[in-house]
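A.B. asks: I have a structure here, written as structure tokens, and I will follow up with some questions on it.
The values are calculated or read from the model by the stated rules, or taken from the named source; none is laboratory data. Model, not experiment: these values are computed from the prediction. Methodologically, a virtual Cβ is constructed for each residue, glycine included, from the backbone with ideal geometry; neighbour enumeration extends over all protein chains shown. Accessible surface areas use protein heavy atoms only, side chains included; no ligands, DNA or RNA. Shrake-Rupley method; radii C 1.70, N 1.55, O 1.52, S 1.80 Å.
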Amino acid sequence: MINIIGLGPGKFDYITKIGENLIKNSDIIIGGKRNLESIEDYIGEKLEITDNLKDIVEHINKNKNKEISIIASGDPSIYGIARYIVKNVDSENISDDVNIISGISSMQYIFSKIYIDMNDLYITSSHGKEPNFDYILSHKKACMVTDKNIGPREISKEIMTRGLKKTVVVGENMSYDNERITVGSPEDILKKENYDMNVVVILDEE
């Protein structure tokens with residue numbers, strides 16, 4: 001069985017119990033370097049995910065007789081690896097071969113920290129694409145998983161260019177010891193030059 005397991009926003013404490021048990025009983029664990037390092041007690045085979053996901057899928061297909069767990073930050077179905085694996089792994093019936101275990105996403109986590117509900121939230125990501133900011137900023141409440149090219153500063157500039165009144169929330173290193181949440185206007189956000197790994201919430205001013 002291929003398990004795709006969400007580890008939660010960062011700290012291993014946020015993983016579900018079912019996810020933790022599946023990892024313990026796996027023959028092979030596949031994940032990013034930081035995620036693999038969080039599985040301290042696992043003594044089986046570990047395979048680090050690189051930019052070449054085709055190699056990962058090939059390794060999975062060659063070892064389908066084994067218990068494989070692919071671990072991912074957040075929820076693997078929210079701009080995560082689940083979509084790629086489901087589409088590319090060899091399977092006649094995906095439900096027989098793949099088991100997805102949801103995790104707490106960084107989006108869910110940050111909303112719990114700022115005491116705002118997620119009802120009617122528009123969620124998106126800037127990973128590997130050019131966001132449609134006209135559409136994103138038309139929503140009263142939006143949340144974006146960012147990357148190194150488009151982050152809090154770029155989002156703030158897009159808001160200012162359109163003359164919109166928005167509150168921006170930047171959550172860095174969610175759930176880790178160095179977690180930091182910054183709330184302010186786009187002008188406030190631009191005062192800082194660099195942000196660590198983050199998720200951004202964009203809200204209409206009330």
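A.B. asks: If the chain between residue 12 and residue 118 were fully stretched, how many nm would it gain, using 0.36 nm times the residue separation less the Cα-Cα distance?
C.D. replies: 35.8 nm
A.B. asks: Tell me whether the range 118-206 comes out rounded, prolate or oblate; compute the Cα gyration tensor, take square roots of the eigenvalues as a ≥ b ≥ c, and use a/c under 1.5 as the rounded threshold.
C.D. replies: Rounded, because the longest to shortest axis ratio a/c is under 1.5.
A.B. asks: In a shell of Cβ-Cβ distance under 12 Å around residue 131, excluding residue 131 itself, what net charge do Lys and Arg (+1) and Asp and Glu (-1) give?
C.D. replies: Here the count lands on -4.
A.B. asks: Would you mind getting me the FRET efficiency between residue 61 and residue 176? Use the beta-carbon distance for r and R0 = 35 Å, nearest 0.05.
C.D. replies: Values: r = 34 Å, r/R0 = 0.97.
Calculated transfer efficiency: 0.55.
A.B. asks: Same structure, new question: For the chain, what proportion of DSSP beta bridges, expressed in % and rounded to the nearest 5, is antiparallel?
C.D. replies: Numbers: 18 of 38 bridges.
Roughly 45 percent of the DSSP beta bridges within the chain come out antiparallel.
A.B. asks: If you project the alpha carbons of the range 63-108 onto the principal axes, what extent comes out on each, in Å, largest first?
C.D. replies: Dimensions of the range 63-108 along the principal axes of its Cα atoms: 33, 19, 13 Å.
A.B. asks: A further question follows. Sort out for me the Cα centre separation of the range 2-20 from the range 151-165, rounded to whole Å.
C.D. replies: The two parts, judged by their Cα centres, are 34 Å apart.
A.B. asks: Related question: May I ask for the angle, rounded to the nearest 10°, between helix 53-62 and the longest principal axis of the chain, with both axes built from Cα atoms and the value confined to 0 to 90°?
C.D. replies: Helix 53-62 and the main axis of the chain meet at about 30 degrees.
A.B. asks: Report the equivalent ellipsoid semi-axes for the chain in whole Å, largest first, defined as the square roots of five times the eigenvalues of the gyration tensor built from alpha carbon atoms.
C.D. replies: They are 34, 17, 15 Å, listed largest first.
A.B. asks: A further question on this structure: So which of 87/148; 11/46; 166/192; 113/140; 11/165; 33/141 end up more than 23 Å apart, counting from Cα to Cα?
C.D. replies: Over 23 Å Cα-Cα: 87/148; 11/165; 33/141.
A.B. asks: Hey, any idea what % of the chain's accessible area is carbon plus sulfur with a 1.4 Å probe?
C.D. replies: Reported share for carbon and sulfur atoms: 46 percent.
A.B. asks: Shifting gears a bit: Once the Cβ-Cβ distance between residue 191 and residue 83 is put in as r, and R0 is 35 Å, what FRET efficiency do you end up with, to the nearest 0.05?
C.D. replies: 0.45
A.B. asks: Would the range 14-96 count as rounded, prolate or oblate if I go by the C-alpha gyration tensor, calling it rounded below 1.5 in a/c and otherwise prolate when a/b exceeds b/c, oblate otherwise?
C.D. replies: Rounded, because the longest to shortest axis ratio a/c is under 1.5.
A.B. asks: Calculate, for the chain, the solvent-accessible area per residue in square angstrom, rolling a 1.4 angstrom probe over the heavy atoms of the protein chains.
C.D. replies: 55
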